[in-house]
Amino acid sequence: MDCIANLASEKAVVIFSKSLCCMSHAITRLFQEQGVSPMVHEIDQHPRGKEIEMALKRLGCIPAVPAVFVGGKFLGTANSVMTAHIDGSLKRMLKDAGALWL
């Protein structure tokens, strides 16, 4: 879990992803289209990928990816991100985390 916390605090928005996961790609694009440049960790290409995946599952990420952290705090998986985007709360979280300035 310390590994997740360290990686999740590297940037205002951190996404744990798998390179061939279409939902991970879609969530990454959502942030990019909002003007955010997230740090993306492709866990299937990471040396500690299996350990990271197990830690994400312990956090409640089922499936493990995409898992999104904003401001170092766990936002959730694709469903949580889309809900926050639709209800408008994602924009506020991004501003509070310093990922957006406008």
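The values are calculated or read from the model by the stated rules, or taken from the named source; none is laboratory data. Fair warning: this is a prediction, and the values are worked out from it, not measured in the lab. Positions of Cβ are backbone-derived with ideal geometry, glycine not excepted, and every protein chain shown enters the neighbour counts. Accessible surface is based on the protein model in full, side chains and every heavy atom, while ligands, DNA and RNA are left aside. Shrake-Rupley method; radii C 1.70, N 1.55, O 1.52, S 1.80 Å.
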> Do you know the relative contact order of the chain, to the nearest whole percent, from alpha carbon pairs under 8 angstrom that are 6+ apart?
Replying inline: 32
> So which aspartates and glutamates can Lys50 reach, going by Cα to Cα under 19 Å and dropping same-chain residues fewer than 8 places off?
Replying inline: Asp2, Glu42
>> Give me the one-decimal nm value for the distance between modelled label points at Glu33 and Arg48, 7 Å along each residue's Cα-to-Cβ direction.
In response: 3.3
> Roughly how many Å² is the accessible area per residue of region 63-102, as a whole number, for a 1.4 Å probe?
Replying inline: 55
> Given labels modelled 7 Å from the Cα in the Cβ direction, how far is it in nm from Ser80 to Cys22?
Replying inline: 2.4
> Lys57: which lysines have alpha carbons under 18 Å from its alpha carbon, excluding same-chain residues fewer than 8 sequence positions away?
Replying inline: Lys18, Lys73
> Along the charge dipole of the chain, Cβ charges K/R +1 and D/E -1, which of Cys22, Leu56, Ala99 sits furthest on the positive end?
Replying inline: Ala99
> Pro66: net charge of surrounding residues, Cβ under 14 Å, Lys/Arg +1, Asp/Glu -1, itself excluded?
Replying inline: 0
> Given a 1.4 Å probe and every protein chain left where it sits, what share in percent of the accessible area of region 1-41 is carbon and sulfur?
Replying inline: 54
> So, with +1 on the Cβ of K and R and -1 on the Cβ of D and E, and no other charges, what is the size of the charge dipole of the chain about its Cα centre, to the nearest 20 debye?
Replying inline: 120
> With the other protein chains left in place, how much accessible area per residue, in square angstrom, belongs to region 1-52 at a 1.4 angstrom probe?
Replying inline: 56
> Rounded to the nearest 5, what is the percent of antiparallel bridges among the DSSP beta bridges in the chain?
Replying inline: 65
> Among residues other than Gln45 whose Cβ falls under 15 Å from its Cβ, what is the net charge (Lys/Arg +1, Asp/Glu -1)?
Replying inline: -1
> When Lys and Arg each count +1 and Asp and Glu each count -1, what net charge do the other residues less than 10 Å away from Leu20, Cβ to Cβ, add up to?
Replying inline: -1
